[in-house]
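Taking it in order: structure first as C-alpha cells, then the write-up.
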Amino acid sequence: MNKLIKRISVTALLLSSFTFIGNAQNRADDQNFRVTKALNTQISLLREVSRLYVDTINPDALVKTGIDAMLASLDPYTVFYPETNMDEVKLMTKGEYGGIGAVIGMNKKRQIIIREPYRGTASYKANLLPGDAILSINGQDMTGKTTVDATNILRGAAGEELKLMIQRGDNKPFEVKMIREKIQLPNIPFYGIIRDSVGYIYLSSFTETSAKDVRNALLDLKKQGAKIMILDLRNNGGGLMDQAVEIVSMFVPKGSPVVSVKGRIPQINRELKTTQNPILPDMPLAILINSGTASASEIVSGALQDMDRAILIGTRSLGKGLVQNVRQLPYNTQLKITTAKYYIPSGRCVQAIDYSHKDANGIPQPLPDSLRKEFKTASGRPVFDGAGIEPDIKIQDSAYKLLTQELVINDYIFDFVNNYALENSAPTNVNDFTIPEGIYDQFKEYVLKQDFNYITKGSNIVDGATKALEGEDYSDEVKNLLNQLKEAVKPNLEQDMERYKDEIMEALIDQLVTRYYDNEGYIEHTVKNRDNYIDTALNPQNWEILNTK
C-alpha cells in the first residue's frame, strides 16, 4: 500500500512538473507570437506610409520617433542610440567623446555661445572664453541653429580641423582654427587636503577608470597626511556598477557583499562582493550626497551606510535602483535597456519610482511612505527602501530667492562676469583669490541699466485676483484696497538687490571664480571656504552615529 501511495505521489509530482513546464512554454510561445505580430504590424505600417503618404517621408526619422515613444512608455533609462549618437554611449561608459571640449549654450541674442571651455582641451588651447559667440562652424552659419545643431557639428572624429568664426563682446569677429580631439572628462575634477588632515575627493562619474582614479587619489591623500576622508558624490549621476563595487572595496574587508542584481531573466541575477583588500579599512569616512546622487553613487553611499563604514551627510538621493545594460543592435545602433533592480547589503532597493504603475494621466508615481519597508544596518540602525538613500545627517538646502534665480537663469550674472574678467585679471592660484572691492556695486549698477523686469509670486497672485474681479460690481473701498496691495507687492529692483545682497553676491562670486579658474577651481574654492556640507562633516558630534557599532 505504501509503495502504491509513493508511486501515485511521484506520478502526481511528475505530472505537475510537466504541467508547470508546459505552462511556462505556453507563456513563452504566447509572448513570442505577440512580439512577432507587433513587428509584422509595424513593418507593414511603415511600408504603406512610405509608399502612400502624401509627402516623401524619412524612414529613419519616422522609425526613431516611434522607437523613442515606445521606450518612453517604459522608463527614462531605456534609450535607443542610432549610429549618429555613438558619442553619447562613449561619454556614458568611457567619459570620452570627440569634440572641442566645451559646454555650449545660447545668449539673449539667440546666438550659440561658449559657456565653459574644459581645461586642457582644444577649446581651452584655442583661448576660447565663456561668452564667446560662435557665428559659424566650417563656414556653416549658426544663425537660427540650436545647441543640438551646433553640438552635432562640433562632435565627430578626432583629428579633423574645425574653423570657428568667433565674436567676443562687441569686438570684430575673428577666426579660430582647432583640431577636434578625443575629450576625456575627468572623473575627479578636484581632490586635496582641504582642512588640517582632512582629505577630500570630488567624484563626478563612474566610468571605466573611476576606481583607479579614486584609488590613486586616496593613496596620495594618505601620503599627504590625511586622517579623515570625505568622498563627495553630490550630483554624481552614476555609471558603471563594477566601478562602484571596486570603490567600496577600498574601505571594507575583502569578500564583503556590496550589491545584488535581480531581474526577470535568471541569467542576469548575481551578487557582487569585494575582491580586494581595503587600502583604508579604518580611516573615518564621510560621504556627501544630494538629490543628484544616483545609481552607482547610491550603491557606494548606501552600501557603506549599510555596513556602518561611513557617515552620510546631505539630502535624500535620487532613488535610482534600476540596472541598465547596453545591447548591440543591427546597423551599428545600440540599446541601453533596464534589465534588473539592485539591492544593497541590508537587502533594500532604493528605487523611488514604479514605472510599471502610472496615474490616470500616465505619470509614474513615487512609492508612498506607508509602503516603505524597514531594514537594518550591520549595527542595527534602521534604514528604509523605496526612496533613495536617506543621509545620517540632513542638510537643509535653501533655494535662491526669485530675484537671484532670474539673474542667474537670464545670464545677467554670467554676462557681467565675462565683461568684468576681460578687463580685470585675477591671481594665478585660486587660493590667492579675494573678492574684488566694490564688485557688487558695479554689478548692481549694471543690472539697473538693463531692461530687466521680474515678477514675484505675490504680484502674480494680486494680478490674477484683479483680473478675476474685472467686470464685477465691487465697491470703491475694495478697489482701493486691491490697488494698495498691488503697489505693496510690486517688485522694487533696487531695494530687492540690497535685500538679497548676500545670496546674489554668493552667486556672483561663484560665477567669477568659475570664469577665472574653471570648474576645478570653483570646486576647490567652495569646499575650502564655504560649504556647509563640509562644515557638518567636520563636526565631531555627528560621528557619534557610527559609535553604536
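The values are calculated or read from the model by the stated rules, or taken from the named source; none is laboratory data. What you are looking at is a predicted structure, and each value in this text was computed from that prediction instead of being measured. Heads up, the Cβs are rebuilt from the backbone with ideal geometry, glycines too, and the neighbour counts pull from every protein chain shown. With ligands, DNA and RNA removed, areas are computed over all heavy atoms of the protein, side chains included. Shrake-Rupley method; radii C 1.70, N 1.55, O 1.52, S 1.80 Å.
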* Does segment 370-388 contain any residue that is assigned to a loop (DSSP other than H, G, I, E, B), over 30 Å from residue 309 (Cβ atoms), modelled with pLDDT under 90 and out of contact with any Lys or Arg (no Cβ under 7 Å at 6 or more places or on another chain)? -> no
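For segment 356-369, which residues satisfy the criterion of being outside any loop (DSSP other than H, G, I, E, B) and open to solvent by 40 Å² or more (accessible area, probe 1.4 Å)?
Of the residues in segment 356-369, the ones outside any loop (DSSP other than H, G, I, E, B) are 356-358, 364-366, 369.
Hits for segment 356-369 are 356, 357, 358, 365, 366, 369.
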* State which residue is most open to solvent (accessible area, probe 1.4 Å) when the search covers only segment 398-434 and only residues that are of a type in the set (D, E, K, R) and touching a residue at least 12 places away in the same chain (Cβ under 8 Å). => 401
* Of the residues that sit in segment 150-192 and are hydrophobic (A, V, I, L, M, F, W, C), open to solvent by less than 50 Å² (accessible area, probe 1.4 Å) and assigned to a strand (DSSP E or B), which one is modelled with the lowest pLDDT? -> 183
* Determine if segment 116-126 includes at least one residue that is among the charged types (D, E, K, R), under 25 Å from residue 410 (Cα atoms) and open to solvent by 30 Å² or more (accessible area, probe 1.4 Å). => yes
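Has segment 63-80 got at least one residue that is in contact with a helix residue (DSSP H, G or I) (Cβ under 6 Å, 6 or more places away or on another chain) and open to solvent by less than 70 Å² (accessible area, probe 1.4 Å)?
First, pick out the residues of segment 63-80 that are in contact with a helix residue (DSSP H, G or I) (Cβ under 6 Å, 6 or more places away or on another chain): 78, 80.
Imposing the further condition that a residue be open to solvent by less than 70 Å² (accessible area, probe 1.4 Å) reduces the set to 78, 80.
Yes, segment 63-80 contains a residue that is in contact with a helix residue (DSSP H, G or I) (Cβ under 6 Å, 6 or more places away or on another chain) and open to solvent by less than 70 Å² (accessible area, probe 1.4 Å).
Assigned to a loop (DSSP other than H, G, I, E, B) and more than 22 Å from residue 393 (Cβ to Cβ), is that true of residue 254? Reasoning before the result, please.
Details: assigned to a loop (DSSP other than H, G, I, E, B): yes; more than 22 Å from residue 393 (Cβ to Cβ): yes.
In short, yes.
Return yes or no: is residue 180 over 19 Å from residue 421 (Cβ atoms), charged (D, E, K, R) and under 30 Å from the mean Cα position of the chain (by Cα)? Break it down stepwise before answering.
Values: over 19 Å from residue 421 (Cβ atoms): yes; charged (D, E, K, R): yes; under 30 Å from the mean Cα position of the chain (by Cα): yes.
When the stated conditions are applied, residue 180 passes them.
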* If we only count helices (runs of 4 or more DSSP H) wholly inside segment 489-549, which ones have 3 or more residues that are at pLDDT 95 or above? -> 501-529
* To do: Find the residue count for segment 385-395, including only residues that are touching a strand residue (DSSP E or B) at 6+ places or on another chain (Cβ under 6 Å) and of a type outside the set (A, V, I, L, M).
  => 2
* Asked: Given the residues 276, 324, 334, which is the only one that is farther than 24 Å from residue 541 by Cβ and without any contact (Cβ under 8 Å) to a residue 40 or more places away in the chain?
  -> 276
* Listed residues 353, 337; which is surrounded by fewer than 18 Cβ atoms within 10 Å (Cβ to Cβ) and of a type in the set (A, V, I, L, M, F, W, C)? -> 337
* Can you tell me how many residues in segment 222-244 are buried (at least 23 other Cβ atoms within 10 Å of the Cβ) and assigned to a helix (DSSP H, G or I)? -> 2
* Scan segment 277-315 for residues that are farther than 17 Å from residue 198 by Cα and either at pLDDT below 95 or of a type in the set (Gly, Ala, Ser) (or both) and report the count. => 10
